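One structure below.
Each value in this text was obtained by applying a stated rule to the coordinates, not by laboratory testing. Quick caveat: nothing in here was measured; it's all calculated off a predicted structure. Here the Cβ positions follow ideal geometry from the backbone for every residue, glycine too, while neighbour counts run over all protein chains shown.
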Amino acid sequence: MLVYFFRRLLSTLPVLLVVSILVFMVMRWTPGDPAAVIAGDGATSEDIARIHAELGLDGPIISQFLHWSGQVLQGNFGHSLFYQRSVGSLIMDRLEPTLMLAGLTIVLATLIAVPLGTWAAYRRGRWVDQIVMAMSILSFSVPVFVVGYLLIYALSMNFQWFPVQGYQPLANGVFGSLKSLILPALALSSAYVALLARMTRASVLDVLGEDYVRTARAKGLPTLRIVIHHALRNAAVPIVTVIGLGIASLLSGVVITESVFNLPGIGRLTIDAILARDYPTVQAIILASSFVYVLINLAVDLAYTLFDPRIRY
């Protein structure tokens, strides 16, 4: 198990290297000059050149990349050009809303989608199955921002059950923090619930036709035990895959959701940094997101070994 873990961990290093190169080069090829943004509309060419020199943007691209990557390896992501503060501290300040939103979304989506998909598979062809499939298609077809605005109109403006926008930090109370994230989490999980429910249904259907399930039924085992212990457990590998991919996809989904609900998280920070051509901040966010994506895929691979030990070898 340890050998498998370290082998998979080492295979992620080339991925991170390629991602860091691509992130650095794409940001340099993006139209716009951060020095001109910092200098303002009335700046002269001399002012812009001076800011280039101060930011280290006047040297060769290779030298800039080597300097930046060396600083990153030391845990220094640089200084924000727009916010005029350390990028690391800036990201840490915005991390809580994003982590809370992502965690609540995963929990809600899993608790809703897996039972629905399993129930639909067990009741294949009946009204429950048809309703679940219809709702899945509808949820997957509607964009996240549309779902967000509909939830705001229905549950915030009409019934006033939840705040329209904003985030309450955990330090001010867990209940208030969760209440401010319910609507964003429901909006963000809409498409994810549809995908996970369909995958759960398909996986459980395949397992329900296996010989060991028919044997369990012939032995007179309770239906709930057959579905959970035999069917759902043996269908877990593709379900875990979708859950892992869903967690990774949240990295892009939070950008839209945080903008709709005005959450001060990493998504809003990413948009603001891109508009301001804040190279260090954008590079750090994308690199950190890529690292999290790789770790999630590694965790999913390790989870496979828990359900199917043959994968280790």
Inset, instruction - Determine, for each peptide in 279-290, 234-245, 123-134, the mean count of other beta carbons within 10 angstrom over its residues, then list the peptides with the highest first. - result: 279-290, 234-245, 123-134
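Which of Ile106, Ile228 has the fewest other C-beta atoms within 10 Å, and how do the rest follow up to the most? List each step's numbers first, then the result.
Details: Ile106 19, Ile228 12.
Neighbour counts put them in this order, fewest first: Ile228, Ile106.
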Legend entry - Ranking of His67, His79 by count of other Cβ atoms within 10 Å, fewest first: His67, His79
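Give, rounded to the nearest 20 debye, the magnitude of the charge dipole that the range 181-272 has about its Cα centre when Lys and Arg contribute +1 at Cβ and Asp and Glu contribute -1 at Cβ.
That gives the range 181-272 a dipole magnitude of about 460 debye.
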Legend entry - Summed residue charge, Cβ within 10 Å of Ile285's Cβ, Lys/Arg positive, Asp/Glu negative: 0
Inset, instruction - Just rank Ser80, Ser63, fewest to most, by other beta-carbon atoms within 10 angstrom. - result: Ser63, Ser80
Inset, instruction - Run through every distinct alpha carbon pair of the range 87-312 and return the Kirkwood hydrodynamic radius in angstroms, one decimal place. - result: 19.2 Å
Legend entry - Of Tyr83, Val174, Tyr153, farthest towards positive along the dipole that unit charges on Lys, Arg, Asp, Glu beta carbons give the range 69-177: Tyr153
Legend entry - Cβ-placed point charges (K, R +1; D, E -1), dipole of the range 87-312 about Cα centre in debye, nearest 20: 860 debye
Legend entry - Ile112 paired with Phe6, simple spin-label distance in nm, labels 7 Å along Cα-to-beta-carbon: 4.4 nm
Inset, instruction - Search the structure for amide H atoms under 5 Å from the amide H of His79, placed 1.01 Å from N in the peptide plane, and list their residues when 5 or more places away or on another chain. - result: Val87
